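One structure below.
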Amino acid sequence: MSTARSTPDAAEAAQRLADEVARAMYQDDAAAQALGMRIEAVAPGAATVSMVVAPGMLNGFRICHGGYITTLADTAFAYACNSYDEVTVASGIVVDFLAPAAEGERLVAEARELSRAGRTGVYDITVRDPAGRIVAVMRGRSHTIKGRHIVRRPEGQAGAAHASRPQR
């Protein structure tokens, strides 16, 4: 009888894969790059992403527009749920804004996996300001696209391995 256990080697391999996936995703992530987002950390089922609130992100009240805060949270969500090298997309999100964010503040979004079963997952994302105050919380539901990978090559194929883009 065999019991599945996480070994240091398996944990290290999972972390290496999460890092490799994040590098590959960021290379093609025009939105994150254009908004100055930084991938601070990734791990299997988790990601931390930061962004500085720029003048062009302010709304008519001179606070960060909620769409930019949501984009930051969604980006952390994407890096967390794709960390297993299976192309995974959002199937739904709910965002609650709890405090304003000001120009020049560095916001940090932390995404954590709550559940992952079959092709679906649930993630909680918290966005904080530099003082640690919670600016927003987001719950994301994910859907994994069967057979699509970000960095793994299909058997028998050499060269760079990028997933073909999911169809919408």
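The values are calculated or read from the model by the stated rules, or taken from the named source; none is laboratory data. As the structure is a computational prediction, the values presented were derived from the model and not from experiment. When we count neighbours, we look across all protein chains shown, and the Cβ atoms used for this are built from the backbone with ideal geometry, even at glycine.
Taking T126 as meeting all but one of (1) in a loop (DSSP other than H, G, I, E, B); (2) within 20 Å of A43 (Cβ to Cβ), write down the number of the exception.
For T126, the exception is condition (1).
Mind checking which residues of region 28-65 are touching a His at 6+ places or on another chain (Cβ under 9 Å) and over 19 Å from V135 (Cβ atoms)?
Scanning region 28-65 gives a single hit, D28.
Check S115 against each of (1) under 10 Å from the mean Cα position of the chain (by Cα); (2) without any contact (Cβ under 8 Å) to a residue 12 or more places away in the chain and name the one condition it does not meet.
(1)
Closer than 18 Å to A80 by Cβ, surrounded by fewer than 13 Cβ atoms within 10 Å (Cβ to Cβ) and modelled with pLDDT of 95 or more, is that true of A131?
When the stated conditions are applied, A131 does not pass them.
Restricting to region 21-39, name every residue that is within 13 Å of the chain's Cα centre (by Cα) and free of Cβ contacts under 8 Å to residues at least 60 places away in the same chain.
R23, Y26, D29, A31, A32, M37, R38, I39
Being over 11 Å from the mean Cα position of the chain (by Cα) and within 25 Å of H143 (Cβ to Cβ) is the requirement here; does D85 meet it?
Criteria met by D85.
Scan (1) farther than 18 Å from R38 by Cβ; (2) surrounded by 16 or more Cβ atoms within 10 Å (Cβ to Cβ); (3) modelled with pLDDT of 95 or more for the single condition A163 breaks and write down its number.
Status for A163: all satisfied but (3).
Looking at R116, is it surrounded by 14 or more Cβ atoms within 10 Å (Cβ to Cβ), at pLDDT below 95 and closer than 22 Å to A22 by Cα?
So R116 does not fit the description; no.
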